[in-house]
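A.B. asks: Sharing a structure below in structure tokens format, with a few things to ask.
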Amino acid sequence: MKLRNMSTSIVNSLGQEIDFEAAMSIADPELCEEVHAMSLDTDQEYWDTYCKLHGEKYGEEYAPDCGAAW
């Protein structure tokens with residue numbers, strides 16, 4: 001899965017800095033494509049949007065965003 005040019009970390013919903021590349025390595029490729037098509041400006045916007053869509057699709061928070069084991 002090819003993603004945008006990424007920074008090394010973003011802030012999850014708990015305010016914790018996490019490794020963006022590592023967290024996105026377990027992401028849903030279809031959702032990543034959908035978010036990528038939105039041409040968002042920052043990696044944080046990408047992250048926040050992905051996490052929102054993940055929750056809508058799966059009915060649960062994205063593990064790296066809520067501090068769950070991943």
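The values are calculated or read from the model by the stated rules, or taken from the named source; none is laboratory data. Note that this is a predicted model, so its numbers are computed, not measured. These accessible areas exclude ligands, DNA and RNA; they are computed on the full protein's heavy atoms, side chains included. Shrake-Rupley method; radii C 1.70, N 1.55, O 1.52, S 1.80 Å.
A.B. asks: Once the piece of chain linking Tyr58 and Val11 is laid out straight, how much longer is it, given 0.36 nm per residue of separation minus the C-alpha distance between them?
C.D. replies: Contour length minus the Cα-Cα distance gives 14.8 nm.
A.B. asks: How large is log10 of I(q)/I(0) for the chain at q = 0.19, 0.20, 0.25 Å⁻¹ when the intensity is taken from the Debye formula with one equal scatterer per alpha-carbon?
C.D. replies: Taking Cα atoms of the chain as identical point scatterers yields -0.68, -0.76, -1.26.
A.B. asks: To the nearest 10 square angstrom, what accessible area does Lys57 show with a 1.4 Å probe?
C.D. replies: Surface open to solvent at Lys57 totals about 100 Å².
A.B. asks: Right, next: Can you compute the helix-only [θ] at 222 nm over the chain? Use -39500 (n - 2.57) per DSSP H run of at least 4 residues, normalise by all residues, nearest 500 deg cm²/dmol.
C.D. replies: -13000 deg cm²/dmol
A.B. asks: Separate question: With springs only between Cα atoms under 10 Å apart, run a GNM on the chain and tell me which of Leu14, Leu31, Leu53 wobbles the most.
C.D. replies: Leu14
A.B. asks: Relative contact order, percent, of the chain when contacts are C-alpha pairs under 8 Å separated by at least 6 residues?
C.D. replies: With pairs under 8 Å counted, the relative contact order is 31 percent.
A.B. asks: Suppose the chain between Glu21 and Thr49 were pulled fully straight at 0.36 nm per residue; how much longer would it get relative to their current alpha carbon spacing?
C.D. replies: 8.5 nm
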